[in-house]
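Participant: Provided herewith is a single structure, encoded as structure tokens, for subsequent inquiry.
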Amino acid sequence: MKIKSGDEVIVLAGKDKGATGKVVKAMPKEDRVVVEGVNLVKKHRKANPAGGEQGEVVTKEASLHVSNVALTVDGKATRVGYRFEEDGTKVRVSRSTGKDI
């Protein structure tokens, strides 16, 4: 998966199309990412009288499929490529501009 935690991404499809945000969590095994402030869902919490907790409705971010987001470089969506340095390290590169990410 070419998108990592901390990357700035733009949503390409779905109800939040066009929204941008930072990747909070990347789940490579499921091919999903959680983006800050995007794909908000309401979760109903059941009351627990024994623990003294009250029932509530919590708004939280749900995951998106990684194919529905694109990495942004200078505010524009770009694809990600790789380049190998002389010392053998792998560097992510913007396909549109050629800049290191």
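Participant: Can you name the residue in segment 46-78 that is in contact (Cβ under 8 Å) with a residue 60 or more places away in the chain and in contact with a Leu (Cβ under 9 Å, 6 or more places away or on another chain) and, of all such residues, is nearest to residue 34 (Cα to Cα)?
Facilitator: Selected residue: 69.
Participant: Related question: Among the residues of segment 11-31, are any loosely packed, with under 12 Cβ neighbours inside 10 Å, charged (D, E, K, R) and assigned to a strand (DSSP E or B)?
Facilitator: No, there is no match, as no residue in segment 11-31 is loosely packed, with under 12 Cβ neighbours inside 10 Å, charged (D, E, K, R) and assigned to a strand (DSSP E or B).
Participant: Scan (1) among the β-branched types (Val, Ile, Thr); (2) surrounded by 11 or more Cβ atoms within 10 Å (Cβ to Cβ); (3) in a strand (DSSP E or B) for the single condition residue 3 breaks and write down its number.
Facilitator: (3)
Participant: Here is a list of conditions, (1) in contact (Cβ under 8 Å) with a residue 12 or more places away in the chain; (2) assigned to a strand (DSSP E or B); (3) under 21 Å from residue 1 (Cα atoms), and residue 91 meets all of them except one; can you say which number that is?
Facilitator: Every listed condition holds for residue 91 apart from (1).
Participant: Something else: Is there any pair linking a residue in segment 12-32 that is touching a residue at least 40 places away in the same chain (Cβ under 8 Å) and within 11 Å of residue 64 (Cβ to Cβ) to one that is surrounded by 13 or more Cβ atoms within 10 Å (Cβ to Cβ) and of a type in the set (Gly, Ala, Ser), with Cβ under 9 Å and at least six apart or on different chains, and which?
Facilitator: Pairs that qualify, where the first residue is touching a residue at least 40 places away in the same chain (Cβ under 8 Å) and within 11 Å of residue 64 (Cβ to Cβ) and the partner is surrounded by 13 or more Cβ atoms within 10 Å (Cβ to Cβ) and of a type in the set (Gly, Ala, Ser), are 12/70; 12/77.
Participant: Right, something else. Looking at (1) modelled with pLDDT of 95 or more; (2) surrounded by 11 or more Cβ atoms within 10 Å (Cβ to Cβ), which is the only condition residue 97 fails?
Facilitator: So the condition that residue 97 fails would be (1).
Participant: Just the residues that are assigned to a strand (DSSP E or B), of a type in the set (A, V, I, L, M, F, W, C) and exposed (fewer than 11 other Cβ atoms within 10 Å of the Cβ), please, taken from segment 34-86.
Facilitator: Passing the criteria: 41, 57, 58, 84.
The values are calculated or read from the model by the stated rules, or taken from the named source; none is laboratory data. It should be emphasised that the depicted structure is a prediction, and the values quoted were computed from it without experimental measurement. For neighbour counting, all protein chains shown are included, and Cβ atoms are generated from backbone atoms with ideal geometry for every residue, glycine included.
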